[in-house]
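Worksheet: the structure to be examined is printed underneath.
Laboratory data are not the source of any read-out in this text; all were calculated from the coordinates shown. These figures come from a predicted structure and were not determined experimentally. Cβ placement follows ideal geometry from the backbone for every residue including glycine, while neighbour counts extend to all protein chains displayed.
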Amino acid sequence: MNKIGILIALALYGGINFYLFKRSWQALPANAPLQIVFTILFVVSSLSFFVAMGLGNRLPLGLIVVLENIGAFWIIGLLYFILAALFVDVLRVSNHFLKFYPDWVYANYQQVKFISLLSVIGLFAVFSIIGNYRFSHPAVRQLNLEIPKGDGQSGSLTIAVASDLHLGNIIRKNRLKKYVELINRQKADIIIFAGDLLDHSIRPVETQKMDEELQKLKAPYGVYAIFGNHEYYGNVSKAIDFYAQSGITLLRDMAVTIDNRFVLIGRDDLSQHRRKALDAILTGIDRNLPLILLDHNPARMGDALKNNIDLQLSGHTHNGQIFPLNLLVRKIYQLAYGYQKTGNTHYYVSSGLGLWGAPIRIGTQSEIVTIDLQLTQRSE
C-alpha cells in the first residue's frame, strides 16, 4: 500500500473511532470518574495495535504481547460496535419521523442509552467467548479424493494440511504445541503448511523457540510449506532460516517429485509480483504423475485448471473469520472456503488452523484438513 493509501486508511480508521467515541460518550451518564476511565480505555484500545506494530522491535516483548492482544480484540470489536451504533442511529432517525418509541423510552432516555451501550459490550463479550471456543477447538476435516492418473505407484496417500497458523504474539508456543500434537495424530504421509505459518514479526517466534515444537512434526515424506503474504511483512531471510531450523522444506516457485509417486508444486505468494508463472515452474516435470499445487491465495484458480493440476491447496481467506466478513469473502473469491472440483482439478481452500488478530471465530471454524488421496493408474 502506498503512502496515500496508508493515509486514507488511517483517516478512515480515525473517523470511525471518533464517531464511535462520540456516540458512546453520549450514552454515558454524567459521571466524571466513569467518563475519564472510559476515555482512557477507548484511547488505549484504539491505538494499541498500531503501537505494537510500529514499535514491535523496540518495546519489551511482554508489553507488545499485551498491546497486540488488546488491539486485535478492538479491531474486531470495532466492526460490531459500529454496526450497533449505526443500527441505533437508524432507529433514532426513523423514530423522529414515525414516533414509535414507547413512552417509557422517552421518560428514561439517558438510562436507555446507557443500558444499550452496556448490552452491546456484553453481547460482544459473549460472542468473544463463543468465538474463542471455536478457535481453540479446531475441526479435523476429512476429504477423500481419487486421482486416476500417472505412471507412479498406486495406493493411498494421506496428506495433513494446515494453513494460516500466524505464529507470533497472539498464537504462541503453548498453542503451537497443541497444533503439533493434533497434526501428528493424523498419521499423515506428508504434512503441508499452505502459507502464513508466521504472522508479521519473526521476533516472538525466535524468542519462544517455536522451531523446537515444529521439529516434532513427523511424516514419512516430510514437512513442506509455502510462503503466504504475512511472511513478507517481516524479515524474509530470517523467516527462511526459521523454516530450515524447523525441519520444514520451503517451496518458493519450485516443484519436487516425491518418491516417484507425485509432484508437489509450491508457488510464491500472489503479493510477489516477480513470482513465476505456473507453467514455467512445471518445466521439466513429469506431468503424468499426480500434480499437487500449493498456492496460498486462491484468487488464481484458473492457473491450476489451465495447467492440468490435479489438486490445489490454498488458505488465506480464513473463511472471513468473523460474521459477516465470511459472506463478503464469498463475493470476492470463486472459492472462499471448502472443496470444489472444476474439470479434472480438485480444489480445497482451508479456513485456517490459526487466524489473524483476536483469537475468536464468529460464524467460522478453525480446522486442519486430512486428505485421503487414492492414486490409481489411468484407465485406457
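Give the residues of the stretch 186-244 that are of a type in the set (Gly, Ala, Ser) and closer than 18 Å to residue 368 by Cα, sorted by residue number. Matches in the stretch 186-244: 188, 194, 195, 219, 222, 225, 228. With respect to residue 207, is the statement that it is surrounded by fewer than 22 Cβ atoms within 10 Å (Cβ to Cβ), under 19 Å from residue 143 (Cβ atoms) and not small (Gly, Ala, Ser) true? In short, no.
Restricting the stretch 342-357 to residues that are over 11 Å from residue 301 (Cα atoms) and more than 16 Å from the chain's Cα centre (by Cα), the residue that is surrounded by the fewest Cβ atoms within 10 Å (Cβ to Cβ) is 343.
Among the residues of the stretch 36-55, those that are more than 20 Å from residue 15 (Cα to Cα), in a helix (DSSP H, G or I) and either of a type in the set (Phe, Trp, Tyr) or free of Cβ contacts under 8 Å to residues at least 60 places away in the same chain (or both) comprise 36, 37, 54. Just one of the listed residues (126, 120) is among the β-branched types (Val, Ile, Thr), buried (at least 17 other Cβ atoms within 10 Å of the Cβ) and assigned to a helix (DSSP H, G or I), and it is 120. Pairs are defined by a Cβ separation below 6 Å, a sequence spacing of at least 6 or placement on different chains, a first member in the stretch 60-78 that is without any contact (Cβ under 8 Å) to a residue 40 or more places away in the chain, and a second member that is of a type in the set (Val, Ile, Thr) and surrounded by fewer than 20 Cβ atoms within 10 Å (Cβ to Cβ); the pairs so defined are 67/51. Kindly evaluate residue 131 against the criterion of being in contact with a strand residue (DSSP E or B) (Cβ under 6 Å, 6 or more places away or on another chain), surrounded by 15 or more Cβ atoms within 10 Å (Cβ to Cβ), in a helix (DSSP H, G or I) and of a type in the set (Gly, Ala, Ser). Here the answer is yes, as residue 131 does meet what is asked.
When the stretch 228-249 is filtered for residues that are buried (at least 18 other Cβ atoms within 10 Å of the Cβ) and within 20 Å of the chain's Cα centre (by Cα), the ones remaining, listed by number, are 228, 230, 231, 234, 239, 243.
Only one entry in 289, 313, 270 is part of a loop (DSSP other than H, G, I, E, B), within 20 Å of the chain's Cα centre (by Cα) and on the phi < 0 side of the Ramachandran plot, namely 270.
Evaluate the stretch 317-335: report whether one residue or more is hydroxyl-bearing (Ser, Thr, Tyr) and assigned to a strand (DSSP E or B). Reasoning before the result, please.
Step one: of the stretch 317-335, the residues hydroxyl-bearing (Ser, Thr, Tyr) are 317, 333.
Among the residues that remain, those that are also assigned to a strand (DSSP E or B) are: none.
Checked against the condition, which is being hydroxyl-bearing (Ser, Thr, Tyr) and assigned to a strand (DSSP E or B), the stretch 317-335 yields no hits at all.
Among the residues of the stretch 56-82, just one is in a helix (DSSP H, G or I) and charged (D, E, K, R), namely 68.
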